[in-house]
1. Based only on other Cβ atoms within 10 Å, what is the fewest-to-most ordering of Glu216, Glu138, Glu183?
2. Which entries of Lys389/Lys415; Lys242/Lys415; Lys132/Lys264; Lys242/Lys440; Lys389/Lys440; Lys264/Lys439 have Cα-Cα distances beyond 31 Å here?
3. I need the fraction of alpha carbon pairs in the range 218-325 separated by more than 25 Å, rounded to a whole percent.
4. Measuring from centroid to centroid over Cα atoms, what is the spacing of the range 234-285 and the range 102-177 in Å?
5. Within the range 369-453, report the trypsin sites (Lys or Arg not before Pro) that DSSP leaves as loop and that have at most 15 other Cβ atoms within 10 Å.
6. If you add up the charges near Ala446, with Lys and Arg at +1 and Asp and Glu at -1, over every other residue whose beta carbon is less than 15 angstrom from its beta carbon, what do you get?
7. As a test, work out the antiparallel percent of DSSP beta bridges whose residues both lie in the range 259-418, rounded to the nearest 5.
8. Among Cys119, Cys356, which comes first, second and so on when ranked by fewest other beta-carbon atoms within 10 Å?
Amino acid sequence: MITHKQRRTEKGLCFKHYFKWILCFSFTLYFLVSFLVDHNQEDLPLSPSSLSRPNTLLTNPKTKFIASHVVFESKIHDHTLIFPPQRPNIRTDVFNNLKIYVYDLPSKFNTDWLANDRCSNHLFAAEVALHKALLSLEGDVRTKDPHEADFFFVPVYVSCNFSTVNGFPAIGHARSLIKEAIELVSAQYPFWNRTSGSDHVFTATHDFGCCFHTMEDRATADGVPRILRNSIVLQTFGVTFKHPCQEVENVVIPPYISPVSLHKTQKNIPVTKERDIRVFFRGKMEIHPRDISGRFYSKRVRTEIWRSYGSDPRFYLQRQRFAGYQSEIARSVFCLCPLGWAPWSPRLVESVALGCVPIIIADGIRLPFPSAVRWPDISLTVAERDVGKLGEILEHVAETNLSVIQKNLEDPSVKRALLFNVPPQEGDATWQVLEALSKKLHRSAARRSNAFL
């Protein structure tokens, strides 16, 4: 007969065996997963801590370039560059079989900056979004073999050095960082030297593009860095007249607005809701036009808007920051897009994307992708000197062709052309960049060499 004490002993033994079995299974599973992860590091994005691992080809001074058709790896190992699993909707034949090689620079030139979330989301973030988009095109436009490449993309983020004083991007380091990147690729690869960089592509998404300064007088005095003057620059700055900051082969691109933030805004606005704001602007409008530097912000345009229409019930003008200002754009009929320090503004993209008629007040501005976006059909341009007449100008438009402009704004292809998606979509901003580059294939050394074969 089994006593109560024996039953307790047997239960204890069973529990111990069960516990050992669970422990053994857990350790086995742990080591199996660890093995699989360790043996797939080349296929998976790594954590930020691993980004500091040097790229042997680029950082080892003893490494010599071997003149053969070696297929170079060009990956950015970073968890922030994970892409959705679907294939990008990009057909290479549309771009005359364009091929782009993306340099795999050490992380200090790009991905290290992504530790700050703002780097991927602020108005200058097209440099990040375009880099991510190009990386997602492996096997399509992006090639791993630099010898077959038409163009070489140099991913240097210079807009993410945010000032601890005012929070604005400080770009004083831009010239030296780009120069260092060029010295690196020209020392380790033969492609820069064979064309003096004419088939190399950079981004410059700040006020005055590749002049790398926020103040126009300083930007024009410094001009485009000599080392970049033979290359192609994708920049947000562009004007229709001669200007030192566009004395380089360039493509005007839109400022970055997050497609996710726009989708959230649109989702929260009822489809049946009427636009109850007639004329909208939220942003810096000085009562006294001189700032601390002694310069006039916005060439006094915004000051004149505030003085003329600050108390006009037709105008909803706000000088304070508001995180939900996109919802105000979605409620507005006309959205003012005056110049700031530079002619371009993110309000241009937001207005178009949210169906508000953009009122462009920036003399001589060159707008992005005019072949895809027929700006005269979806916007209104008002000369800076005519700001005092804004009220009557907009009343005239409202009485005549407003409905036509609004209908044109409903075209989804127009909105898509101004947004950077990852992965890219047919007709979006990355698509427009690729189309623009495909028209510059005369600069491709690979095409010229093949023509002689």
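1. Values: Glu216 20, Glu138 15, Glu183 12.
Fewest-to-most ranking of Glu216, Glu138, Glu183: Glu183, Glu138, Glu216.
2. Details: Lys389/Lys415 29 Å; Lys242/Lys415 29 Å; Lys132/Lys264 22 Å; Lys242/Lys440 21 Å; Lys389/Lys440 42 Å; Lys264/Lys439 35 Å.
Those over the limit are Lys389/Lys440; Lys264/Lys439.
3. Values: 2893 of 5778 pairs.
Of all Cα-Cα pairs in the range 218-325, 50 percent lie more than 25 Å apart.
4. The range 234-285 and the range 102-177 have Cα centres separated by 20 Å.
5. Values: sites: Arg374, Arg385, Lys389, Lys407, Lys415, Arg416, Lys439, Lys440, Arg443, Arg447, Arg448; in loops: Arg374, Lys439, Lys440.
Sites meeting the loop and neighbour criteria: Arg374, Lys439.
6. Values: positive: Lys99, Arg142, Lys144, Arg194, Lys440, Arg443, Arg447, Arg448; negative: Asp145, Glu148, Asp150, Asp199.
Charge balance in the 15 Å sphere: +4.
7. Working: 1 of 15 bridges.
Percentage antiparallel, nearest 5: 5.
8. Working: Cys119 23, Cys356 26.
Exposure proxy ranking, most exposed first: Cys119, Cys356.
Read-outs throughout are calculated quantities, based only on the coordinates presented, and are distinct from any laboratory measurement. Please read these numbers as outputs of a predicted model, since none were measured by experiment. Every residue, glycine as well, gets a Cβ built from its backbone with ideal geometry; the counts of neighbours run over all protein chains shown.
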